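Chemist: Sharing a structure with you now.
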Amino acid sequence: MQELPPQSRISCRLDGQTLAITIPGPSVNAGGNWGLIAIFAFLAVSCITQGLLTNVHTWTIAGFVSALIAGWQLYAMRGAAFHAHKAVKLEISPEFLSLVSGPNNAPLRQRWSKADVSDIRTEMNAASSTSQLLLQLRNGQPAISLVTGTDPAELNWISEQIHRKWNLSVGQTSK
């Protein structure tokens, strides 16, 4: 059996006859700097206070600009996490493969029967240079990308787990 790379963040849990594999979403840090946030927040408070006390609108405008810069830095650090992809969970039972993705409060669940699946494979997307786990259905539709952008060794491991759970050899299709 192929092992997961040591730096893998994938977790695997056996729940009865269902194997649950969780692939965490990418960690997000789009930039931002706590030092700049502190400086511009201090400037915002100081300038707005000075503008209110002296009735000079230039200080107040400078304070609001500083507050905008501090807010922009804060959003760059923490706001991008709101738009990050959440974890993807694959549930492999003896007869079904389920994909659970999306936000925790409204997850999207897709389910395929073992009988409907003709192949599960890992492929490199030449256009974006990312690996993806593809699910090919018997009805001839284009392959469905289950997981994208994860380490190819991790995707190969997931593919192997599905093949093992469904008693398929690599390259063999389900019947």
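Chemist: So, in the stretch 16-41, exactly how many residues are modelled with pLDDT of 85 or more, open to solvent by 50 Å² or more (accessible area, probe 1.4 Å) and within 30 Å of R164 (Cα to Cα)?
Modeler: Total meeting the criteria: 2.
Chemist: Determine which member of the set Q110, Q50, Q73 is touching a residue at least 12 places away in the same chain (Cβ under 8 Å) and under 25 Å from P24 (Cα atoms).
Modeler: Of Q110, Q50, Q73, the one residue that is touching a residue at least 12 places away in the same chain (Cβ under 8 Å) and under 25 Å from P24 (Cα atoms) is Q110.
Chemist: Hey, can you tell me all the residues within the stretch 104-134 that are aliphatic (A, V, I, L, M) and more than 19 Å from the chain's Cα centre (by Cα)?
Modeler: Matches in the stretch 104-134: A115, V117, I120, A126, A127.
Chemist: Within the stretch 84-117, how many residues are buried (at least 17 other Cβ atoms within 10 Å of the Cβ) and among the charged types (D, E, K, R)?
Modeler: 3
Chemist: Would the stretch 140-150 turn up any residue that is assigned to a loop (DSSP other than H, G, I, E, B) and either open to solvent by less than 20 Å² (accessible area, probe 1.4 Å) or among the β-branched types (V, I, T) (or both)?
Modeler: Yes: the stretch 140-150 contains one or more residues that are assigned to a loop (DSSP other than H, G, I, E, B) and either open to solvent by less than 20 Å² (accessible area, probe 1.4 Å) or among the β-branched types (V, I, T) (or both).
Chemist: How many residues does the stretch 120-148 hold that are within 16 Å of Q161 (Cα to Cα) and in contact with a Lys or Arg (Cβ under 9 Å, 6 or more places away or on another chain)?
Modeler: So the count comes out to 3.
Chemist: Within the stretch 124-147, can one find any residue that is closer than 22 Å to T18 by Cβ, in contact with a His (Cβ under 8 Å, 6 or more places away or on another chain) and among the aliphatic types (A, V, I, L, M)?
Modeler: Among the residues of the stretch 124-147, not one is closer than 22 Å to T18 by Cβ, in contact with a His (Cβ under 8 Å, 6 or more places away or on another chain) and among the aliphatic types (A, V, I, L, M), which makes the answer no.
The values are calculated or read from the model by the stated rules, or taken from the named source; none is laboratory data. Small disclaimer: the values here were computed from a predicted structure and weren't measured. Positions of Cβ are generated from backbone atoms using ideal geometry, with glycine treated the same way; all protein chains shown enter the neighbour counts. The accessibility values were calculated without ligands, DNA or RNA, using every heavy atom of the protein model including side chains. Shrake-Rupley method; radii C 1.70, N 1.55, O 1.52, S 1.80 Å.
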